[in-house]
Structure formats: C-alpha cells, structure tokens
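Here's the structure, in structure tokens; my notes come after.
The values are calculated or read from the model by the stated rules, or taken from the named source; none is laboratory data. From a predicted model like this one, the values you see are computed outputs, not experimental measurements. Quick reminder, even Gly has a Cβ in these numbers, built from the backbone with ideal geometry, and neighbours come from all protein chains shown. Ligands, DNA and RNA are excluded from the accessible area calculation, which covers all protein heavy atoms including side chains. Shrake-Rupley method; radii C 1.70, N 1.55, O 1.52, S 1.80 Å.
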Amino acid sequence: MSSNFGTLFRVSTFGESHCKAVGVVIDGCPPGLQLEESDIQKQLDRRRPGQSKLTTDRQEKDQVSILSGTEHGITLGSPIGLKVNNLDQRPGDYGDMETIPRPSHADYTYMAKYGIKASSGGGRSSARETIGTVSSGAVADKILRQKYGIEIIAWVSAVGPFEAGPVDQTNITRTQVDETDLRCPDLDISEQMRSLVLELKEAGDSTGGVVSCVIRNVPAGLGEPVYEKLEAKLAQAMLAIPATKGFEIGSGFAGTRLRGSEHNDPFVLKEARLGTTSNNSGGIQGGISNGEFIHFRVAFKPPATISQPQQTTNYQGESVILQAKGRHDPCVVPRAVPIVESMAALVLVDMALRQEARRALNLL
Ligand SMILES: Cc1cc2nc3c(=O)[nH]c(=O)nc-3n(C[C@H](O)[C@H](O)[C@H](O)COP(=O)(O)O)c2cc1C
C-alpha cells in the first residue's frame, strides 16, 4: 500500500474508517513556521462529516492534535505528527457488507488484493483517510501563502445536471465559497443543486459533481519535467482522492474542439514578466508553471453506498439484494472542496521546495 506523497515535503497518512485515530506525519516541513492547531482546524471543519444537512450524518468533531514537530507554536524542522480521533464509530452498521461487496465501492478490490479487509466501513479506502491529506495540506497552504502569496481556492461547479456559471477567478475567496453549505458561488444554481442533494438523500440515492480550483500567484518555473510535470503531479494528486473519475486542466476536453489559432495563449509583457492574454493552458506549459493562474476541474462520481436495495452478488457468487445501512454522503463535492485545495497545496509546496533547493545550491 502506498500512503506517502511528496519528495521534499513528504507526508505519510494513516488510519481506517473505524480505527482509533487517523492522521499524518509530515517530514520536511521547514523550521521556524508558526503553526497552531487552529491553522489546521479551519480546513478540517470544512471537510468534516455532519457539518450540514447535505453530508453524511456521521458526527465527528475531527479535532486535530499536534503531537510533535513544534515547540511554543513554532515548527522545529522535525517530523510533525497530526492526529484526529475517530469518535462516532458504528461498526454494527456494516453487517451485510461483510459478505456482500458494495457495488462500485472498494470492498471487492481490497479483498482481491489483500485477502483481508477492515470489517466495517471502507477501511483505508474511506474518506476518513483524507483527514491526513487535509491536515498536512493546511500546513502546506500556510507555507505557500506566507512565502509566495499563493492562494488556492476550490468550489463546487456542478452537481448532477446542474452547472454553475463562470466564476471570477481573480477575486473568488474561500469565504465566498462557504456562503452556502453546497459551496457553489453561483447562488441561483446552488439552490437547485441543494434541492437535488436533499431529495436524493431522502430517497437513499446519490449524485456526482465537479469541483473547480484556481491557484493564484504561482511563480513561473515550478514543475519537474518529464515524469513529474506540474499537471501530471496535480492529476495524480487529484485522482488519489476517493471517488474521483476525471481531471481536466485549462481548456481540458473542450479545448480539443478549438483550432490552434483560437487556443493559443499569446504572450504579453505584464509588469516585469511575460504573461499571456488568454489562459487555455491553465497556467502550465511543458509541465512548468508559467506565472498565470493554474485552473483545473475534478470530477467526482455519485458515492457508491446508497440505501436503496441493489441487486448484486455476494463474495460466494450468489445473487443477493444489498440494502446498505450506515450513514453516507449523498454527494461528496461540498466536502471535497478542502480536499482538492489540500492536495493542490501538497503538490505546490513540494515543487516550490525543490526549486528553492536548486536555487540555494546555485544550480539555476
Ligand atoms: C469527502 C468524501 C466523502 C465520501 N463519502 C462516501 C460515502 O459516504 N459513501 C460512499 O460510498 N463513498 C463515499 N466516498 C467515496 C468512497 O470513499 C470511494 O468511492 C471508495 O473508496 C471507492 O473508491 P473510488 O470511488 O475512488 O474507486 C466519499 C469520498 C469523499 C471524497
């Protein structure tokens, strides 16, 4: 199993859905950074279950503890251990699922690979794992904001058939995104998305959606061609989030319908650097940031665990009806917003440290 991410800013997450605690060890965080639990808690509160009617009813406070790596609120350069206790465990909710793999969840593949799986919930495949991602991502985010002024803002841009209108990428803030529990800044369409999610929750069904993200103030030069191109790392990071089914950067799939003459981003002098007048590239060319906004979208499928009866087959191959119990998200995108921001922060901080290391050694 691979639970590590990053080269210089390395994170190693741990925990299953119903074990005692979940968390992360961060190795390679620079010393001298002011870091308190409150820096991390803000993003965890945006991710936690039970935060609104739109999410699973599992009640978790998700209070983070810093176990190591800081003294008097300052990082020491040593490994930072972050832990969140699992409180609202109800392993009994998963009775049927011990013998029946949930369609489109990870039960069957975990069993096929390891020959054993956590008996309740998704184990390691559960979104509880993303607590480690979000906790370490909050630390990365703080470094990026303080050192480079980099801002990472994600929002819900689609739920089922409803798509939000264009968002002002230059000015959108996390506060604006959080104005509604759906986290879609297009307030008209957000109401329709909200009704759909509530309707499906009531009906024991689920829906998918899209999270969009913009990253501002990224200096030109981040990214490690060829196999760790910036967009390749972002894609890997985003597709490591549970329930993701697609990643598009810049013009994405729609760009295939344009001509080169329409798609190219012409250069222009912007203050002391070359910028571009359009941004179909999504801020990355040749796998390296070009100084423009990085913008991308991530597709999330409808969560697999639905309480409607489903005709399926148990591990023995017998035809059965699965009526899943437990508390589940009818749509993951409102909670996925801080997860997308966190994975993006982990990618960028690592790329920035790698570029800094080169610069410090006069290798540029
Ligand atoms: C924030 C978040 C919450 C999730 N909540 C649920 C849930 O309540 N029920 C469920 O079946 N899947 C949920 N998922 C998705 C599963 O974890 C995921 O579908 C499963 O691990 C299988 O992996 P895959 O969909 O990436 O193939 C959630 C995902 C995220 C990002």
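Taking amide hydrogens as placed 1.01 Å from N in the peptide plane, the amide H of ILE74 sits under 5 Å from those of LEU35, each at least 5 positions away in sequence or on another chain. Amide H to amide H, with H built 1.01 Å from N, ALA158 comes under 5 Å of ALA164, VAL210, counting only residues 5 or more places away or on other chains.
Taking amide H as placed 1.01 Å from N in the peptide plane, THR313 has its amide H under 5 Å from the amide H of VAL320, each at least 5 places away in sequence or on another chain.
Relative to the longest principal Cα axis of the chain, at what angle does helix 333-360 sit, 0 to 90 degrees, rounded to 10? Here the helix axis deviates by roughly 40 degrees.
Per-atom-type breakdown for the range 1-153 gives carbon and sulfur 50% of the accessible area (1.4 Å probe, protein chains only).
The range 14-51 and the range 290-364 have Cα centres spaced 16 Å apart. Phi angles across the range 198-203 convert, under the Karplus curve 6.51 cos²θ - 1.76 cosθ + 1.60 with θ = phi - 60°, into 3J(HN,Hα) values of 5, 4, 6, 4, 4, 7 Hz, Gly and Pro given as x.
Charging the Cβ of each Asp and Glu at -1 and of each Lys and Arg at +1, and nothing else, the dipole of the range 174-229 about its Cα centre rounds to 300 debye. Please find, in a Gaussian network model of the chain (springs between Cα atoms separated by less than 10 Å), the residue of ILE215, ILE189, ILE321 whose mean-square fluctuation is greatest. Among ILE215, ILE189, ILE321, the largest GNM mean-square fluctuation belongs to ILE321.
Converting phi to 3J(HN,Hα) with the Karplus coefficients 6.51, -1.76 and 1.60 and the offset θ = phi - 60°, the range 257-262 yields 8, 8, 8, x, 5, 8 Hz in sequence order, with x at every glycine or proline. Computed on the chain, the Cα convex hull volume stands at 152 Å³ per residue. The string of couplings for the range 43-60 from the Karplus curve (6.51, -1.76, 1.60, θ = phi - 60°) is 6, 5, 5, 6, 8, 5, x, x, 7, 7, 5, 7, 10, 4, 7, 3, 9, 9 Hz, one whole number per residue in order, with x for Gly and Pro.
Sorting 159-166, 192-199 by their mean Cβ neighbour count within 10 Å, with the most densely packed peptide first, gives 192-199, 159-166. Under the rule of -39500 (n - 2.57) per DSSP H run of 4 or more residues, summed and divided by the residues of the chain, what mean residue ellipticity at 222 nm is obtained, to the nearest 500 deg cm²/dmol? Counting only the DSSP helices, I get -8500 deg cm²/dmol. Restricting the GluC sites (Glu not before Pro) of the range 233-280 to loop positions (DSSP other than H, G, I, E, B) with no more than 12 neighbouring Cβ atoms within 10 Å leaves GLU271.
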